[in-house]
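Reviewing the structure listed below.
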Amino acid sequence: MYVIKVKGVAKIPDYVQLRDEAFTLLAYFRVDRPDKSLEKIGLGDKTDYIMQVVAEMPFGQIKKIDV
């Protein structure tokens, strides 16, 4: 799975994309509200790990993670 952290501009908030190996979009959520999106795709138990990775990433970077 790939994580992409994107910086928002003006009134658009920062957000995160989760994509699979084929780079298909699995989830798209605001950095400050990941819960519902991660629950919906079955990763609710991995929220802390995913958000820790997101917090450490600079904006605009793509990172591969194993969940």
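Odds and ends about this structure:
- Taking region 44-65 as the range and being assigned to a loop (DSSP other than H, G, I, E, B) and either of a type in the set (Lys, Arg) or within 11 Å of VAL3 (Cβ to Cβ) (or both) as the test, the residues that pass are MET57, GLN61, ILE65.
- Residue match in region 7-30 (condition: open to solvent by 50 Å² or more (accessible area, probe 1.4 Å), part of a loop (DSSP other than H, G, I, E, B) and in contact (Cβ under 8 Å) with a residue 24 or more places away in the chain): yes
- Across region 34-52, the qualifying residues are those that are over 13 Å from GLN17 (Cβ atoms) and within 10 Å of the chain's Cα centre (by Cα), and the one among them that is surrounded by the fewest Cβ atoms within 10 Å (Cβ to Cβ) is THR47.
The values are calculated or read from the model by the stated rules, or taken from the named source; none is laboratory data. Note that the coordinates shown come from a computational prediction; the quantities given were computed from them, not determined experimentally. Cβ sites come from the backbone with ideal geometry, for glycine too, and all protein chains shown count toward neighbours. For the accessible areas, the whole protein counts, side chains as well, though only heavy atoms, and no ligand, DNA or RNA atoms are used. Shrake-Rupley method; radii C 1.70, N 1.55, O 1.52, S 1.80 Å.
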